[in-house]
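Everything below concerns the one structure shown next.
The values are calculated or read from the model by the stated rules, or taken from the named source; none is laboratory data. Everything numeric here is computed off the predicted structure, so don't read it as measured data. Virtual Cβ from ideal backbone geometry, glycine too; neighbours counted across all protein chains shown.
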């Protein structure tokens, strides 16, 4: 029975500490119910009840749209647009490289130069 009370005491202490820290670090504008200046003393004076009330009533809700939203690549229009742009750039690079290699393969002959090389 002592172990049960010990575990309950540890859990209550952790809940108390976490609720104080969470209340102290919460943004003043987003706290619900009462002003933040009222929540901190409530949580401190009434440890277990204040912590439960903080999490039930006062704690700011998470914005589901505020954080980064992950989208599958095939659903992201920017990703698809970038893929098309990259494909077009790669095709253009291949075409230009082919044209350059064709120009290198056909050397220009100058007057008096029979093999296309210039030796100094």
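The set of residues in the range 15-38 being within 31 Å of the chain's Cα centre (by Cα) and part of a helix (DSSP H, G or I) consists of 15, 16, 17, 18, 19, 20, 21, 22, 23, 24, 25, 36. The residues of the range 39-51 that are at pLDDT 85 or above and in a helix (DSSP H, G or I), listed by number, are 39, 40, 41, 42, 43, 44, 45, 48, 49, 50, 51.
Looking at this structure, is residue 12 in contact with a helix residue (DSSP H, G or I) (Cβ under 9 Å, 6 or more places away or on another chain) and outside any loop (DSSP other than H, G, I, E, B)? Considered against the rule, which asks whether it is in contact with a helix residue (DSSP H, G or I) (Cβ under 9 Å, 6 or more places away or on another chain) and outside any loop (DSSP other than H, G, I, E, B), residue 12 comes out as yes. In the range 15-29, which residue that is out of contact with any helix residue (DSSP H, G or I) (no Cβ under 7 Å at 6 or more places or on another chain) and exposed (fewer than 13 other Cβ atoms within 10 Å of the Cβ) is modelled with the lowest pLDDT? Among those residues, the one meeting the criterion is 29.
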